[in-house]
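Here is the structure we will look at, set down as structure tokens.
The values are calculated or read from the model by the stated rules, or taken from the named source; none is laboratory data. In this text the structure is predicted, and so the values were computed from the model without any measurement. Cβ placement follows ideal geometry from the backbone for every residue including glycine, while neighbour counts extend to all protein chains displayed. What goes into the accessible areas is simple: the full protein's heavy atoms, side chains included, and nothing from ligands, DNA or RNA. Shrake-Rupley method; radii C 1.70, N 1.55, O 1.52, S 1.80 Å.
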Amino acid sequence: MPFVDPKPYPAAARVALNDPQLRRNLGKATTAIREKRLRVVAELPDWQALRDAGAAIKTDAMNRLPELLEQLEVSVTKAGGQVHWARDAREANQIVSSIVLRHRAKEVIKIKSITTDEIGLNDALELHGVTAIETDLAELIVQLAHDHPSHILVPAIHKNRAEIRELFLKSFNLEPADLSDEPRALAEVARRYLREKFLTVPVAISGANFAISETGTVGVVESEGNGRMCLTLPKVLVSIMGIEKVLPSLRDLEVMLQLLPRSSTAERMNPYTSLWTGVHAGDGPQEFHLVLLDNGRTKVLEDEVGRQALHCIRCSACLNVCPVYERAGGHAYGSVYPGPIGAILTPQLIGLESEHAQSLPFASSLCGACYEVCPVKINIPEILVYLRGEVVHKKGNSFFNLEAAAMKSVAWVFMDKTRYEFAQKAARVGQMPLVKGNTISSLPGIMSGWTNSRDLPAVPQKSFRDLWRERAAAKRVHP
Amino acid sequence: MSEPRDTATARTAMLSLIRAAIGAPKAALEIPRQYRLETGHTDLTSLLEERIADYRATVHLCNSSDLPQTIAGILERLGVTHLAIPADLPTDWIPANLETLVDRADLEPRHLETADAVLTGCTVAIAETGTIVLDHSSAQGRRALTLIPDRHVCIVFQMQIVDNLPAAISRLTSSVTVGRPLTFISGPSATSDIELSRVEGVHGPRVLEVVIVRE
Ligand code: SF4
């Protein structure tokens, strides 16, 4: 009983999409990243052995989570850092806000992090009059566009160079003669604007790709160098990580640093990986805070089948291969975690109570491609089937209504050009991981795509279909 | 806001929730490490050279006796007149005619912007992935030193080249345990955020030149 009938899709899409150029670009990007990933993975004769090790490392870490977190706290503290515990988004935001306010910062610089999106940190800071400046290029473009209500919020891949040039001219008060629409020239403008921020803003906020309990070492994997800037130049660094990011030993990095870049940006290695351990005297931030976030994770951990979802290293490979994701796009998942991983993680994080959460496990055709590419071997189809069982158990007969509704909503998406375009924009998440390194934080894939839905609550209590409806309505109001 | 007490409460609550969720304490798992600890490549220097070049960085090979000359040539070609260097850089690496900016802990990062390039050594280079790793100890300087100037010229000695990531991590463990940060560099920074056009060097150094020194 697949969520979508694969047949009508291509047909509906062909009718719906009137922008062949956009479609070609997106198709090209997706195909390129998939092929590139296959190539770099094929280069390693021991890829399967690495996946086995990666899966075992994550299983072990989850098995021993309490002791590892306590050990991490000790190591980070010994190295001069401060560890904070946050049960939910509210507590995490409070901790971060109070640090920022203590330093009287009016601005903070941020490395894109899906965890901070999950807790809605930027909005929380805004309430205190603090502006969070996104420093990833695509994020910056989106953020600047947001500042000008005449521009509808669209992810950067859908903005062509002329539009980005316009945006920059306006945002930075430049003379038209001073700026061409060459990507290099546009990137240069962002470089100059952000360089000043890197050099002057006192507090940086990041996520973390992993933290080693044995040594207290935290790591961020990225591409553009904005990560290194944020981790090195400000006086204060605050890193927010889900409790599941802890790894037992430094040696585990020899596995994760092989699995992650090849799965994510399809590179042998991403341009930059930074590892730091507490505070380094005379080098980098002299105040370091690590916030350990629960926000539903212990609930996921309770479930022996579902807890595998916590093994995710946010590479976004499963998004890139998912046929449903490709069609429905990121918004359909109604959460900061889209795609196959979102379909198993979100319902568990927020609980299977709402119709939205209940509909997510059906957002898959169970083709199995996600499991095949997952670098830590999360058996996504198995968890999807299991969660479907849980939904049926909860809903009894009304389950069939739910499934029918879910199927209708996807069909509905593809019937109309406006809606399809919207889906395409949302789909950027999976299409563009080649853009940057993304870790949960800096891994581009998952996070960068989500930016166009910032106006949605992080964990909306709405169904898959409601979200589509609202987005479509919003789109009509601001064409 | 009484933050310390709040976070202490949260800590206790979170740990007990996690304990309840996972049940009885479990012993550490034996991790199956059947992956390659070495690649079996015999010519790591050539492999490193090829892999770094794949990232569109420039690679030079030279003998140790030619190193100063090679460095001078690169800096001249780049048009460098103001060179940032770590305080402990071997003096014979530094061309005589250049003005230098010597890194020190209290140097404001902004001053590093005045340098046209930075010249450093490294700790380890990983052949299989074309990665250079700095632990910011000898001849490498603080992290800001290799981040702010627009060009990074990095010297790699053959004995610093390791096979693959497992080999690198085992060499780097002592750096981490004595409390040093690590920076892994694989080519210049890059973005494809604008119309999928690859642009090198959004924020880090836009030019990376690596000199591999045969010994
Ligand atoms: S679940 Fe998806 S994003 Fe997470 S590690 Fe596996 S493939 Fe990557």
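Quick rundown of the values:
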| item | result |
| --- | --- |
| Qualifying residue in segment A:391-398 (condition: at pLDDT below 85, buried (at least 18 other Cβ atoms within 10 Å of the Cβ), away from the ligand (no atom under 14 Å from the Cβ) and not assigned by TED's automatic domain parsing to the domain that holds residue A:58) | yes |
| Lone qualifier among A:60, A:123 - being open to solvent by less than 10 Å² (accessible area, probe 1.4 Å) and acidic (Asp, Glu) | A:60 |
| Output for segment A:370-385, where each listed residue is more than 9 Å from the ligand (Cβ to nearest atom) and within 22 Å of residue B:32 (Cα to Cα) | A:372, A:379 |
| All helices (runs of 4 or more DSSP H) inside segment A:292-388 with 3 or more residues being closer than 21 Å to residue A:59 by Cα and at pLDDT below 90 | A:339-350 |
| Segment B:51-78, subset among the basic types (Lys, Arg) and farther than 18 Å from residue B:124 by Cα, residue surrounded by the fewest Cβ atoms within 10 Å (Cβ to Cβ) | B:77 |
| Residue in segment B:33-50 that is part of a strand (DSSP E or B), open to solvent by less than 40 Å² (accessible area, probe 1.4 Å) and more than 30 Å from residue A:66 (Cα to Cα) present | no |
| Test set (1) buried (at least 21 other Cβ atoms within 10 Å of the Cβ); (2) away from chain B (no Cβ under 14 Å); (3) within 15 Å of the ligand (Cβ to nearest atom) - residue A:367 fails condition number | (1) |
| So residue B:110, is it within 14 Å of chain A (Cβ to nearest Cβ) and in contact with a Pro (Cβ under 9 Å, 6 or more places away or on another chain) | no |
| Among (1) within 10 Å of chain A (Cβ to nearest Cβ); (2) under 23 Å from residue B:73 (Cα atoms); (3) at pLDDT 95 or above, the one test that residue B:121 misses | (1) |
| Some residue of segment B:86-100 being assigned to a helix (DSSP H, G or I), open to solvent by less than 80 Å² (accessible area, probe 1.4 Å), of a type in the set (Asp, Glu) and touching a residue at least 24 places away in the same chain (Cβ under 8 Å) | no |
| Condition met for residue B:9 (within 12 Å of chain A (Cβ to nearest Cβ), at pLDDT below 95 and part of a helix (DSSP H, G or I)) | yes |
| Per-region count, segment A:247-283, residues free of Cβ contacts under 8 Å to residues at least 40 places away in the same chain, facing chain B (nearest Cβ under 7 Å) and assigned to a loop (DSSP other than H, G, I, E, B) | 2 |
| Inter-residue pairs, beta-carbon under 8 Å, first free of Cβ contacts under 8 Å to residues at least 40 places away in the same chain and in segment A:375-386, second within 12 Å of the ligand (Cβ to nearest atom) and open to solvent by less than 60 Å² (accessible area, probe 1.4 Å), 6+ apart | A:381/A:370 |
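Each row is one residue, and each column tells you yes or no for (1) surrounded by fewer than 24 Cβ atoms within 10 Å (Cβ to Cβ); (2) more than 30 Å from residue A:43 (Cβ to Cβ); (3) within 16 Å of the ligand (Cβ to nearest atom).
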position: A:272; (1), (2), (3): no, no, no
position: A:283; (1), (2), (3): yes, yes, no
position: A:287; (1), (2), (3): yes, yes, no
position: A:304; (1), (2), (3): yes, yes, no
position: A:309; (1), (2), (3): no, no, yes
position: A:314; (1), (2), (3): no, no, yes
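Residues are listed down the side, and each one gets a yes or a no for (1) within 20 Å of the chain's Cα centre (by Cα); (2) at pLDDT below 85:
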{"position": "A:108", "(1), (2)": "yes, no"}
{"position": "A:115", "(1), (2)": "yes, no"}
{"position": "A:122", "(1), (2)": "yes, no"}
{"position": "A:146", "(1), (2)": "yes, yes"}
{"position": "A:156", "(1), (2)": "yes, yes"}
{"position": "A:179", "(1), (2)": "no, no"}
{"position": "A:187", "(1), (2)": "no, no"}
